[in-house]
Amino acid sequence: MPLQKEHDHDVVVIGGGPAGSTIATLLSKQNRDVLLLESEKFPRYHIGESMVPGVVPILDELEVLDKVDAHGFVKKYGATFVWGQDRAPWDVRFCDRSIAAQKYGSTYQVIRSEFDELLLRHAQSKGVDVREEHKVTNVHFDGDRCKGVEFKNSQGQIQNATAKYIVDATGQAAILGRHLNLVEDDDKLRNIATWTYFKNVEQYDGLAAGNILTENTPNGWIWVIPRHDGLTSIGWVTTVDKYRQLLSESIEKTYLQVVTNSAETGRRLIDAEQAQPIRSIRDWSYTCKQFCGPGFLIAGDAAGFVDPLFSTGVWLAMNSGSLGANMLNQALNNPQKEAEFLNTYETAYKNFLGDVLSFVKYFYDAHLPKDSYFGEAQKIVQTDSNWSSRQDFVSLISGLHGLHSLTNRALETVPN
Ligand SMILES: Cc1cc2nc3c(=O)[nH]c(=O)nc-3n(C[C@H](O)[C@H](O)[C@H](O)COP(=O)(O)OP(=O)(O)OC[C@H]3O[C@@H](n4cnc5c(N)ncnc54)[C@H](O)[C@@H]3O)c2cc1C
């Protein structure tokens with residue numbers, strides 16, 4: 001195979017999911033020379049279909065909100081839970097809070113192949129050099145400084161690219177985290193997710209039609225997400241230990257028993273028909289010990305993965321992309337302060353992920369009174385406003401609290 005070398009870029013982004021597209025687009029908007037290498041040909045399948053309103057301000061920042069809005073994704077105005085001591089379903093609405101309620105009071109249920117492709121094509125339209133079917137096979141260091149990548153192009157040739165910064169946005173593949181041995185699993189959230197898609201699932205009425213349903217069951221929890229192609233995504237998440245115990249039967253049989261026997265999901269499935277094969281994935285929460293270092297930054301799932309209980313993955317990925325772009329842009333302007341900018345990114349994003357993770361762990365105790373979940377959210381949000389604890393809960397799970405706190409925390413520590 002011929003060994004070819006690319007010219008030196010400002011930034012090479014590995015991975016074209018939401019984290020990679022976000023950071024690449026925002027850096028390119030600052031006239032940076034950005035090469036994005038993606039191993040797949042888009043559109044490609046991905047799980048993770050329910051957005052929180054916190055993605056909307058970032059879609060706005062990317063200047064892609066109009067395209068996303070015009071695509072026809074299901075509008076999501078809130079969430080329905082069967083969770084806690086009281087087993088009756090209860091709802092929250094994202095506009096059930098004050099700040100920015102008008103603009104960010106809704107979000108989308110997306111088909112990820114379509115959503116991710118939209119973001120990737122948008123990155124291209126903003127000047128990012130996007131190469132699909134280009135798989136990064138190695139990362140190069142000069143001492144402790146990350147200098148470049150080796151990749152296999154769509155013709156199977158091995159090439160190299162160098163850059164001032166390498167961004168790892170490879171999702172759970174976490175190429176840099178694994179190369180540097182940074183990935184630490186969270187022993188308390190070792191889950192397995194199993195899901196498929198159904199036709200003719202009973203939908204809620206009115207504005208609740210686009211709600212996600214999150215239902216606790218004796219063996220974990222279920223998500224129900226309506227999509228604009230008429231299919232409904234239904235997933236079951238359980239711990240790896242329970243999964244092994246229940247596997248005396250086939251996974252398909254066990255999954256179908258769990259979802260059809262659950263009170264609310266089962267009721268909605270009475271006339272439904274399974275439309276696709278059943279899929280399973282390891283759903284292990286983890287965080288990298290470091291989110292950056294000389295010449296590199298890690299974004300999205302590659303930096304840390306939080307259990308999907310509150311549908312926060314894409315929002316976290318895009319948030320880290322947005323903050324990461326801001327910090328890399330400043331580091332490119334001011335290379336002698338690189339360590340301070342990278343440290344700002346790492347500290348702000350680690351604290352932020354920590355808040356999300358701690359609330360997910362609290363919520364996993366599915367038998368508390370509803371008010372305790374609201375009270376715990378209030379402790380985390382800690383606003384000095386007059387919001388009720390219910391509003392703080394909505395603010396936390398909508399991702400808008402996070403967006404403000406992430407930006408503020410970063411700005412408080414940003415070097416002059
Ligand atoms: C069961 C489950 C349910 C979930 N539900 C939700 C949900 O409802 N809502 C939500 O917001 N999130 C959800 N998530 C999380 C969400 O899917 C992720 O957080 C999100 O996709 C992270 O985006 P990312 O850009 O970091 O990574 P990804 O979207 O995974 O993108 C990474 C990209 O990198 C590419 N890549 C990997 N290796 C290489 C390489 N070596 N070279 C080049 N390219 C490479 C991949 O092909 C991929 O396109 C769920 C996750 C799971 C497991």
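Please verify whether Val56 is aliphatic (A, V, I, L, M), assigned by TED's automatic domain parsing to the domain that holds Gly20 and in contact with a helix residue (DSSP H, G or I) (Cβ under 7 Å, 6 or more places away or on another chain), treating the condition exactly as stated.
Yes: the conditions hold for Val56.
Evaluate the stretch 96-107: report whether one residue or more is in a helix (DSSP H, G or I), touching a Gly at 6+ places or on another chain (Cβ under 9 Å) and surrounded by 15 or more Cβ atoms within 10 Å (Cβ to Cβ).
Narrowing the stretch 96-107 to residues in a helix (DSSP H, G or I): 101-104.
Among the residues that remain, those that are also touching a Gly at 6+ places or on another chain (Cβ under 9 Å) are: 104.
Still in the running and surrounded by 15 or more Cβ atoms within 10 Å (Cβ to Cβ): 104.
Within the stretch 96-107, one or more residues are in a helix (DSSP H, G or I), touching a Gly at 6+ places or on another chain (Cβ under 9 Å) and surrounded by 15 or more Cβ atoms within 10 Å (Cβ to Cβ).
Taken over the stretch 200-217, the residue count meeting the criterion of being open to solvent by less than 40 Å² (accessible area, probe 1.4 Å), within 14 Å of Pro89 (Cβ to Cβ) and not aliphatic (A, V, I, L, M) is 5. Looking at Thr287, is it open to solvent by 40 Å² or more (accessible area, probe 1.4 Å), within 14 Å of the ligand (Cβ to nearest atom) and either in a loop (DSSP other than H, G, I, E, B) or β-branched (Val, Ile, Thr) (or both)? Yes. Within the stretch 306-350, the only residue that satisfies the criterion of being of a type in the set (Gly, Ala, Ser), open to solvent by less than 40 Å² (accessible area, probe 1.4 Å) and more than 21 Å from the chain's Cα centre (by Cα) is Ala331. Checked against the criteria, Lys126 does not count as over 21 Å from Thr287 (Cα atoms), in the same structural domain as Thr312 (by TED's automatic domain parsing), touching an Asp or Glu at 6+ places or on another chain (Cβ under 7 Å) and of a type in the set (Lys, Arg). Restricting Val139, Val82, Val92 to those that are within 15 Å of the ligand (Cβ to nearest atom) and open to solvent by less than 50 Å² (accessible area, probe 1.4 Å) reduces the list to Val139.
In this structure, does Asp33 turn out to be surrounded by fewer than 21 Cβ atoms within 10 Å (Cβ to Cβ) and at pLDDT below 95? Before the answer, list the steps.
Numbers: surrounded by fewer than 21 Cβ atoms within 10 Å (Cβ to Cβ): yes; at pLDDT below 95: no.
Spelling it out, it is not the case that Asp33 is surrounded by fewer than 21 Cβ atoms within 10 Å (Cβ to Cβ) and at pLDDT below 95.
Those residues that are of a type outside the set (S, T, N, Q) and modelled with pLDDT under 85, I need them from the stretch 383-398; list them, please. Passing the criteria: Asp384, Trp387.
Sort out which residues of the stretch 67-90 are of a type in the set (Ser, Thr, Tyr) and assigned to a strand (DSSP E or B), and write them in order of number. Don't jump to the end; show me each part of the working.
To start, the set of residues in the stretch 67-90 that are of a type in the set (Ser, Thr, Tyr) comprises 77, 80.
Thr80, the sole residue that qualifies.
With respect to the conditions (1) at pLDDT 75 or above; (2) not in a helix (DSSP H, G or I), Ile380 falls short on a single one, namely (2). Out of the stretch 357-371, which residues are open to solvent by less than 20 Å² (accessible area, probe 1.4 Å) and assigned to a helix (DSSP H, G or I)? Residues satisfying the conditions are Phe359, Val360, Phe363.
Take Val149 and decide whether it is within 14 Å of the ligand (Cβ to nearest atom), under 22 Å from the mean Cα position of the chain (by Cα) and open to solvent by less than 50 Å² (accessible area, probe 1.4 Å). For Val149, the condition - within 14 Å of the ligand (Cβ to nearest atom), under 22 Å from the mean Cα position of the chain (by Cα) and open to solvent by less than 50 Å² (accessible area, probe 1.4 Å) - is not met.
More than 25 Å from Ala325 (Cβ to Cβ) and either modelled with pLDDT of 95 or more or not hydrophobic (A, V, I, L, M, F, W, C) (or both) - does that describe any residue in the stretch 109-127? Break it down stepwise before answering.
Within the stretch 109-127, the first condition is being more than 25 Å from Ala325 (Cβ to Cβ), and the residues that meet it are 109, 111.
Then drop every residue that is not either modelled with pLDDT of 95 or more or not hydrophobic (A, V, I, L, M, F, W, C) (or both), which leaves 109, 111.
Yes, because at least one residue in the stretch 109-127 is more than 25 Å from Ala325 (Cβ to Cβ) and either modelled with pLDDT of 95 or more or not hydrophobic (A, V, I, L, M, F, W, C) (or both).
Here the stretch 161-170 is the region considered, the condition is being within 14 Å of the ligand (Cβ to nearest atom) and farther than 13 Å from Glu40 by Cα, and the residue that is surrounded by the fewest Cβ atoms within 10 Å (Cβ to Cβ) is Ala161. Count of the stretch 62-74 residues, restricted to those that are out of contact with any Asp or Glu (no Cβ under 9 Å at 6 or more places or on another chain) and under 26 Å from Leu207 (Cβ atoms), is 9. Among residues belonging to the stretch 23-39 that are under 12 Å from Leu120 (Cα atoms) and within 8 Å of the ligand (Cβ to nearest atom), point out the one that is nearest to the chain's Cα centre (by Cα). Out of the qualifying residues, it is Glu38.
The values are calculated or read from the model by the stated rules, or taken from the named source; none is laboratory data. Here the structure is a predicted model, which is why all the values come from computation and not from measurement. All Cβ positions, glycine included, derive from the backbone under ideal geometry; neighbour counts span all protein chains shown. These area figures cover heavy atoms from the full protein model, side chains too; ligands, DNA and RNA do not enter into them. Shrake-Rupley method; radii C 1.70, N 1.55, O 1.52, S 1.80 Å.
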